[in-house]
Amino acid sequence: MRLLRSVLSPVLIVVALATSAAAQDRIKVGEFASLTGGNASFGQSSHKGTQLAIEAINAAGGVLGKNLQLITEDDQSLAGQPATIVQKFIAEDKVVAVLGEVASSKSLEAAPICQQNHIPMISPASTNPKVTEVGDYIFRICFIDPFQGTVMAKFALAQGWKKVAVLTDVKQDYSVGLADFFVKYFTAHGGEIVKEQKYSTGDKDFKPQLTSLKGAQPDAIFVPGYYAEVALIGKQARLLGLKVPLLGGDGWVGDSLLKVAGNSLDGSFFSCHFSAEDKSPAVQDFVAKFRARYQETPDDMAALGYDSAMILAEAIKRAGTTEGDKLRDAIAATKNHPGITGNITLDAQRNAAKPAVILTIRDGGFKFQETVAP
Amino acid sequence: MTEFLQQLVNGLAQGGIYALIALGYTMIYGVLRFINFAHGDIFMLGAFAGFYLAPATLKLFGAGPSYAGAALVLLGAMALCALIGIVIERLCYRPLRDRPRITALITAIGVSLLLENGGQLLFGADPKSFPDLIVDRALDLPAGWGPLSALTITLSQVLVLGVTLLLLVALRHVVNRTRTGLAMRALSLNPTAAQLAGVNLDQVIMFTFGLGSALAGAAGVLISIQQPSIDPLMGISAGLKAFIAAVLGGIGNLPGAVLGGVLIGLLEALVVGYLSPTYRDPIVFAVLILILIFRPAGLLGTVQKEKV
């Protein structure tokens, strides 16, 4: 045994030295995403966008003379996983910053751990206000639920819809938040909420809820859920003879939305961050690069994933170091970053103020409807 | 009034699915006295069998959805599930048949986890869109039926209930009118006596697993027609609900399983429609606890005296 140890220990030391030497010429960034499971569409998209950004940064010479190394872990869309993954990022991989997640409830799990360890975390697309309230190391580069809920309430009123029903996913902080702010603005400006109903992530049968909503005869139904359930809700609503438009938020964005829903969501509207139809050169350049790399059209989550990595890289450059406190200050100082999803300036609450895009669903695709400024 | 009736229709359609799965639980319990916790995952495999069979099968009957194609997909999925059920019994449960019952129970949980996680590995964990087997639409009801005329009954709901009823009648025939059915009943009444009378234990148990799994497979395809989004973990919740249905009706009792399934379906629809979906699962599981406390043999079950 002693012999074994004496032989092994020099080997181990050499291995340890080699890995730490290799680690020094790379800056490690942790990314957690729902690559599989119910929110896989989000995770796959944001991951592809993030990866594209990291590749672009490294191709342009990296930051501080080093390449960025993206370490990606799949949280399988399961509660409990983000905490474990982020612990691992910080304790084992020694990442300098964390990118993730799309779903607010996942980001809320990871945020306290990053905050405690003074590792900056940038969420690409979690819109629930609570996410950045966790602490001063937590950032996001998207707008927040109050804005998104308000935008859709304004939109509904502008369309002349006075009686709206609300169908909320009670298991998602995101959905509950959006519904709250929608209802607040809508009722304060002359609208009436004729019925509220709820469901839980993973439900497949929504006919009981939809039957009860139908009885209230709404002009439109606000469904601020995620695409997996919204697709089935759309389909079952049409079967039950509910023909009013459905309204939603950026949780609708996912390529499986229309695959499952078919044409049953035609005439519905939702708010989001980005439209690939946007003619601005920055967007078109990004869309072309993304198509060349992945042979598909990027959606919101891809654009936000890309922006999140770019903002991090830019902050590392400005900070001149990857040390937690200085990096945090640099990210907080982000101003007028020309992102794919609009000009990004982080405010004192570490949220981004940017315009929202409203898309409509027509002929089996998302079509640009209008842009709403904050 | 219409809304209430509509909720009953919704609940009945969901209850029919639970009934089909519950039958498998109850049949296997009847002959083996153990709960096959992997049964809900056979239901999931049925949905995936349909998912992979559908494109090629539908092509046989023209391009789009067709009844003949749907029927063939249903039968194909049932056959595959029967085969899987038989293989599971042969590999996992038969070697343990003489061990304490708890061993088989724990094995069943292991098989269940294997199917769920193997399914995620094999099929991918993200939800898949189930292809349209039929063109689903709401049926036009005659105007003269009072509050009934305003109901929305979809083709898929009628189809699910119709096929469920058909399968129930067929099952009843098999159990009550065939020799194998007689052997099944004999085995559930008294295994030792049945064997002494010449019942081939292995064969009957194999047949029971095949039949129960085929019904679960049918339920998997039928639910996917109504709710065309399937994933490898879809069997967990449906399996648990069906298990409760089987216990509610009286485990080991075939009509009881159907009654339990329908009651659970109706209860769920009414709780969601009139209370809140957050109370749905707590209330359904509370039913399980209440039944176990106050009527452990279930609604239709008979209390069996333990012989000392």
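Identify all residues within the stretch A:342-358 that are buried (at least 19 other Cβ atoms within 10 Å of the Cβ) and under 14 Å from A:Ile144 (Cα atoms); write none if there are none. Working first, answer last.
Narrowing the stretch A:342-358 to residues buried (at least 19 other Cβ atoms within 10 Å of the Cβ): A:342, A:344, A:346, A:350-352, A:354, A:356-358.
Hits for the stretch A:342-358 are A:Ile344, A:Leu346, A:Arg350, A:Asn351, A:Ala352, A:Lys354, A:Ala356, A:Val357.
Sort out which residues of the stretch B:237-280 are of a type outside the set (A, V, I, L, M, F, W, C) and within 28 Å of B:Met1 (Cβ to Cβ), and write them in order of number. So that I can check it myself, show each step before the final result.
Step one: list which residues in the stretch B:237-280 are of a type outside the set (A, V, I, L, M, F, W, C), which gives B:237, B:239, B:241, B:249-250, B:252-253, B:255-256, B:260-261, B:265, B:268, B:273-274, B:276-280.
Within the stretch B:237-280, B:Lys241, B:Gly260, B:Gly261, B:Gly265, B:Glu268, B:Gly273, B:Tyr274, B:Ser276, B:Pro277, B:Thr278, B:Tyr279, B:Arg280 qualify.
For the stretch A:92-137, enumerate the residues that are assigned to a helix (DSSP H, G or I) and under 21 Å from A:Gly249 (Cβ atoms).
A:Ser104, A:Ser105, A:Lys106, A:Ser107, A:Leu108, A:Glu109, A:Ala111, A:Lys130, A:Val131, A:Thr132, A:Glu133
Is it fair to say A:Arg293 is open to solvent by 10 Å² or more (accessible area, probe 1.4 Å) and touching a residue at least 40 places away in the same chain (Cβ under 8 Å)?
Working: open to solvent by 10 Å² or more (accessible area, probe 1.4 Å): yes; touching a residue at least 40 places away in the same chain (Cβ under 8 Å): yes.
For A:Arg293, the condition - open to solvent by 10 Å² or more (accessible area, probe 1.4 Å) and touching a residue at least 40 places away in the same chain (Cβ under 8 Å) - is met.
Hey, can you tell me all the residues within the stretch A:245-262 that are more than 18 Å from A:Thr36 (Cβ to Cβ), open to solvent by 10 Å² or more (accessible area, probe 1.4 Å) and at the interface with chain B (Cβ under 10 Å from one of its Cβ atoms)?
Those that are more than 18 Å from A:Thr36 (Cβ to Cβ), open to solvent by 10 Å² or more (accessible area, probe 1.4 Å) and at the interface with chain B (Cβ under 10 Å from one of its Cβ atoms): A:Leu258, A:Gly262.
Go over the candidates A:Phe143, A:Phe147 one by one and state the one that is touching a residue at least 24 places away in the same chain (Cβ under 8 Å), open to solvent by 10 Å² or more (accessible area, probe 1.4 Å) and within 14 Å of A:Pro355 (Cα to Cα). Before you say what the answer is, go through the steps one by one.
Working: A:Phe143 fails: open to solvent by 10 Å² or more (accessible area, probe 1.4 Å).
Result of the check over A:Phe143, A:Phe147: A:Phe147.
Identify the residue in the stretch B:9-48 that is hydrophobic (A, V, I, L, M, F, W, C) and at the interface with another protein chain (Cβ under 10 Å from one of its Cβ atoms) and, among all such residues, is surrounded by the most Cβ atoms within 10 Å (Cβ to Cβ).
The selected residue is B:Ile17.
Pairs under 9 Å by beta carbon, first residue more than 7 Å from chain A (Cβ to nearest Cβ) and over 14 Å from A:Ser200 (Cα atoms) in the stretch B:267-279, partner among the polar types (S, T, N, Q) and surrounded by 15 or more Cβ atoms within 10 Å (Cβ to Cβ), six or more apart or different chains?
B:Leu270/B:Gln7; B:Tyr274/A:Ser212; B:Tyr274/B:Gln7
Taking interchain pairs and intrachain pairs at least six residues apart, which have beta carbon atoms under 8 angstrom, with the first residue in the stretch A:261-276 and more than 19 Å from A:Ala153 (Cα to Cα) and the second of a type in the set (Lys, Arg)?
Short answer, once both residue conditions are applied: A:Ala261/A:Lys235; A:Gly262/A:Lys235; A:Ser264/A:Lys235; A:Ser264/A:Arg238; A:Asp266/A:Arg362.
Evaluate the following for A:Thr132: is it at pLDDT below 90, in contact with a Phe, Trp or Tyr (Cβ under 7 Å, 6 or more places away or on another chain), assigned by TED's automatic domain parsing to the domain that holds A:Gly342 and open to solvent by less than 10 Å² (accessible area, probe 1.4 Å)?
No; evaluated as a whole, the condition is false for this residue.
List the residue pairs whose Cβ atoms are under 6 Å apart, where the first residue sits in the stretch B:150-162 and is within 16 Å of A:Asp205 (Cα to Cα) and more than 10 Å from chain A (Cβ to nearest Cβ), the second is assigned to a helix (DSSP H, G or I) and not β-branched (Val, Ile, Thr), and the two are 6 or more positions apart or on different chains.
From the stretch B:150-162, the pairs are B:Val160/B:Ala13; B:Val160/B:Gly16; B:Val160/B:Leu222; B:Leu161/B:Gly16.
Please work out which one of (1) outside any helix (DSSP H, G or I); (2) touching a residue at least 12 places away in the same chain (Cβ under 8 Å) is the condition A:Ala83 fails and give its number.
Result: A:Ala83 fails condition (1) only.
Residues in the stretch B:216-237 that are of a type outside the set (S, T, N, Q), open to solvent by less than 10 Å² (accessible area, probe 1.4 Å) and part of a helix (DSSP H, G or I): how many? Give the steps one after another, and end with the answer.
Looking only at the stretch B:216-237, we keep the residues that are of a type outside the set (S, T, N, Q), and these are B:216-223, B:225, B:228, B:230-236.
Filter again for open to solvent by less than 10 Å² (accessible area, probe 1.4 Å), leaving B:216-222, B:228, B:230, B:232, B:235.
If we keep only those that are part of a helix (DSSP H, G or I) as well, we get B:216-222, B:235.
Final tally of qualifying residues: 8.
Within the stretch A:293-330, count every residue that is modelled with pLDDT of 90 or more, of a type in the set (Asp, Glu) and in contact with a strand residue (DSSP E or B) (Cβ under 7 Å, 6 or more places away or on another chain).
So the answer is 2.
Do we have any residue at all in the stretch A:158-168 that's away from every other protein chain (no Cβ under 14 Å), open to solvent by 30 Å² or more (accessible area, probe 1.4 Å), closer than 21 Å to B:Arg280 by Cα and assigned to a helix (DSSP H, G or I)? Give the derivation first.
Here is the first cut: in the stretch A:158-168, the ones away from every other protein chain (no Cβ under 14 Å) are A:158-164.
Adding the requirement that they be open to solvent by 30 Å² or more (accessible area, probe 1.4 Å) leaves A:158-163.
If we keep only those that are closer than 21 Å to B:Arg280 by Cα too, we end up with none.
Within the stretch A:158-168, not a single residue is away from every other protein chain (no Cβ under 14 Å), open to solvent by 30 Å² or more (accessible area, probe 1.4 Å), closer than 21 Å to B:Arg280 by Cα and assigned to a helix (DSSP H, G or I).
Restricting attention to the stretch A:183-226, and to residues there that are of a type in the set (Phe, Trp, Tyr) and touching a strand residue (DSSP E or B) at 6+ places or on another chain (Cβ under 9 Å), which single residue is farthest from the other protein chains (Cβ to nearest Cβ)?
A:Phe186
Looking at (1) within 19 Å of the chain's Cα centre (by Cα); (2) at pLDDT below 90; (3) within 14 Å of chain A (Cβ to nearest Cβ), find the lone condition where B:Thr2 falls short.
Going through (1) within 19 Å of the chain's Cα centre (by Cα); (2) at pLDDT below 90; (3) within 14 Å of chain A (Cβ to nearest Cβ) one by one, B:Thr2 breaks only (1).
Could you list, in sequence order, the residues of the stretch A:179-207 that are over 22 Å from B:Leu267 (Cα atoms) and part of a strand (DSSP E or B)?
Within the stretch A:179-207, A:Glu192, A:Ile193, A:Val194 meet the criteria.
Looking at B:Leu171, B:Leu182, B:Leu151, B:Leu187 in this structure, which one is within 18 Å of the chain's Cα centre (by Cα) and not polar (S, T, N, Q)?
Numbers: B:Leu182 fails: within 18 Å of the chain's Cα centre (by Cα); B:Leu151 fails: within 18 Å of the chain's Cα centre (by Cα); B:Leu187 fails: within 18 Å of the chain's Cα centre (by Cα).
Exactly one residue qualifies, and that residue is B:Leu171.
Given the structure, is B:Pro95 more than 19 Å from B:Leu211 (Cα to Cα) and either at pLDDT 90 or above or buried (at least 21 other Cβ atoms within 10 Å of the Cβ) (or both)?
On the way: more than 19 Å from B:Leu211 (Cα to Cα): yes; either at pLDDT 90 or above or buried (at least 21 other Cβ atoms within 10 Å of the Cβ) (or both): yes.
Yes; evaluated as a whole, the condition is true for this residue.
Just one of the numbered conditions (1) assigned to a helix (DSSP H, G or I); (2) touching a residue at least 12 places away in the same chain (Cβ under 8 Å) is not true of B:Thr103; which one?
(2)
When you scan the stretch A:300-374 for strands (runs of 3 or more DSSP E) that lie fully inside it, which ones turn up with 1 or more residues that are touching a helix residue (DSSP H, G or I) at 6+ places or on another chain (Cβ under 6 Å)? Steps first, answer last, please.
On the way: elements: A:337-339, A:342-344, A:356-362, A:365-372.
Passing ranges, in order: A:337-339, A:356-362, A:365-372.
The values are calculated or read from the model by the stated rules, or taken from the named source; none is laboratory data. The structure presented is a predicted model; accordingly, all values stated were derived computationally and were not measured. All Cβ positions, even for glycine, are placed from backbone atoms using ideal geometry, and neighbour counts span all protein chains on display. The accessibility values were calculated without ligands, DNA or RNA, using every heavy atom of the protein model including side chains. Shrake-Rupley method; radii C 1.70, N 1.55, O 1.52, S 1.80 Å.
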